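What follows is a single structure, written as structure tokens, with notes after it.
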Amino acid sequence: MHSGVIAIVGRPNVGKSTIFNRIAGSRVSIVEDFPGVTRDRIYTTGEWTGKKFQLIDTGGIQLADQPYQEEIRAQVQIAMNEDVILFVVNGKMGLTDDDSYIAGILQKQTKPVVLAVNMIDDSTRMMNIYEFYNLGLGDPIAVSGVHGIGIGDVLDECLRLMPEEDKEDKHTGIHIAVIGEPNVGKSSLVNAILKEKRSIVSNVQGTTRDAVDTPFVYEGKPYVIVDTAGIRKRGKVYESVEKYSVLRAMTAIERCDVALFVIDGEAGIREQDKHVAGYACEAGKPIVIVVNKWDAVEKDDKTMNAFIERIRIEFAYLSYAPIVFVSALTHQRVDTIIPVVDQVYENSCRRIATNILNEVITDTQITTPAPARNGKRFRVYYGTQVSTQPPTFVLSCNDPRLMHFTYERFLENSLRQAFDFSGTPIRIVVRKKVSE
Ligand code: GDP
Ligand code: GDP
């Protein structure tokens, strides 16, 4: 479930973004719309030989007003937080001092490094790769980002070196990512959740992927909470790098089982709030909406319902997400969060027996058949649930092209009425029935 992260490093103009785009391919996702991050594409998820991974191009993370070497150093440091480092050098130009500088940093750390010598466009340049043995980082792999040569070898090697799931994440339990815009109170909320009646499991050295992951036990059950604001606050290097904190939020979302999406009840809903929530939704993660700073809001008996209404309008695509109102400051209702997390997690793992599912589908179509279009009517013959997290249903039908999205939404709502999927997205895939 928790796919590891490959981070690309290297000095400018060695072909990092070319290789990144090669691997990302033509994958289009909602992530494209993220301001700052994907305009120039530095984050993507992928799958290779059945294994999932995340990929970031640290070359796209620039620091304002920093000397060139400082910038490279910061990028390498960011990469060192991830699972596997893909170090790209330029095989046409040959070895440079900057390459040696980066190699020097990489040698002093423990994360696995894959060395790719780029721009080996044809066999006549094959000789060029040998001098890169001098970097002391093992066997270089010849690639050509432009021609797509050697990319498979690079991915094979990166995934071979990827820590296995159990090694990568020693901490078992439900992973909770706390996401939201700066200053909504994420860190305060994490502290409040960890405060009472919970025992924090001490971090076993070398097992935490990230210093902001905190394992804890609540009523005998293990959890890991990830404060996506933590990195931004941790060091000077990252402070100004808004792009990087958004990136971290994304990798944390990808690794989590449940996302706590925090908004500021006092300041109200802002436009930026929508981006990160959209990503969690796209990633198929269960979401709990946490309205924080409720202590600071002047209220009467209508305030809460009015706020709920606003949320339902502004975040129409999160209509399935439960909403809790809390104060991280006074701890008010903070203890309602974990039980809700448990519930939505359970819902995201729910499996519906095929016969029961088909009763619901049949009943739904009898009561409300799809409207006819050009004399043809969309019809589902049967459905099966093919996976969980999120629950995913494949519906065999007469003709997928006949399904209007409003009818898909209607089917989804019928499933939600029949079964408890609150908090979790569900996916519906329609396929043409294979005739026997
Ligand atoms: P970055 O700064 O490391 O991200 O480098 P880019 O990906 O922007 O590439 C820098 C330049 O090298 C661009 O003009 C690319 O078209 C070119 N380039 C990238 N990969 C290759 C390759 O495999 N062969 C050749 N000949 N040129 C490449
Ligand atoms: P983050 O950037 O999302 O991690 O936000 P912080 O946890 O750093 O909080 C931002 C600011 O909001 C700080 O000044 C907090 O003291 C304040 N804050 C956080 N939670 C609450 C709350 O529940 N009520 C009030 N009144 N202030 C809060």
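The values are calculated or read from the model by the stated rules, or taken from the named source; none is laboratory data. Just so it is clear, the structure is predicted and the values come from calculations on it, not from any experiment. Because the Cβ atoms are built from the backbone with ideal geometry, glycine has one as well, and the counts that use them run over all protein chains shown.
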Considering only strands (runs of 3 or more DSSP E) wholly within region 325-436, the ones with at least 2 residues that are surrounded by fewer than 20 Cβ atoms within 10 Å (Cβ to Cβ) and among the hydroxyl-bearing types (Ser, Thr, Tyr) are 380-387, 392-397
Only one of Glu70, Glu82, Glu131 is more than 16 Å from ligand 2 (Cβ to nearest atom), of a type in the set (Asp, Glu) and part of a loop (DSSP other than H, G, I, E, B), namely Glu82
Within region 270-295, restricting to residues that are in contact with a Phe, Trp or Tyr (Cβ under 8 Å, 6 or more places away or on another chain) and aliphatic (A, V, I, L, M), the one that is nearest to ligand 1 (Cβ to nearest atom) is Val276
**Prompt:** Can you find a residue in region 96-110 that is under 19 Å from Gly60 (Cα atoms) and part of a strand (DSSP E or B)?
**Reply:** no
Per the filter on region 128-167, residues more than 22 Å from Gly46 (Cβ to Cβ) and within 16 Å of ligand 1 (Cβ to nearest atom) are Asn128, Ile129, Phe132, Pro140
Task: Thr384 touching a helix residue (DSSP H, G or I) at 6+ places or on another chain (Cβ under 7 Å), outside the structural domain of Ser319 (by TED's automatic domain parsing) and touching a residue at least 60 places away in the same chain (Cβ under 8 Å) - done: no
Per the filter on region 44-89, residues basic (Lys, Arg) and in contact (Cβ under 8 Å) with a residue 40 or more places away in the chain are Lys51, Lys52
Reported set for region 111-125 where residues are closer than 20 Å to Ile23 by Cβ and either in a loop (DSSP other than H, G, I, E, B) or outside the structural domain of Val9 (by TED's automatic domain parsing) (or both) is Lys111, Pro112, Met119, Ile120, Asp121
> Can you spot a residue in region 99-120 that is closer than 15 Å to Val9 by Cα, buried (at least 16 other Cβ atoms within 10 Å of the Cβ), within 13 Å of ligand 1 (Cβ to nearest atom) and at pLDDT below 95?
Replying inline: no
When restricted to Gly50, Gly59, the only residue within 28 Å of Met250 (Cβ to Cβ), modelled with pLDDT under 90 and surrounded by fewer than 22 Cβ atoms within 10 Å (Cβ to Cβ) is Gly50
Counting only residues that are in contact with an Asp or Glu (Cβ under 9 Å, 6 or more places away or on another chain) and in a strand (DSSP E or B), region 273-324 contains a total of 2
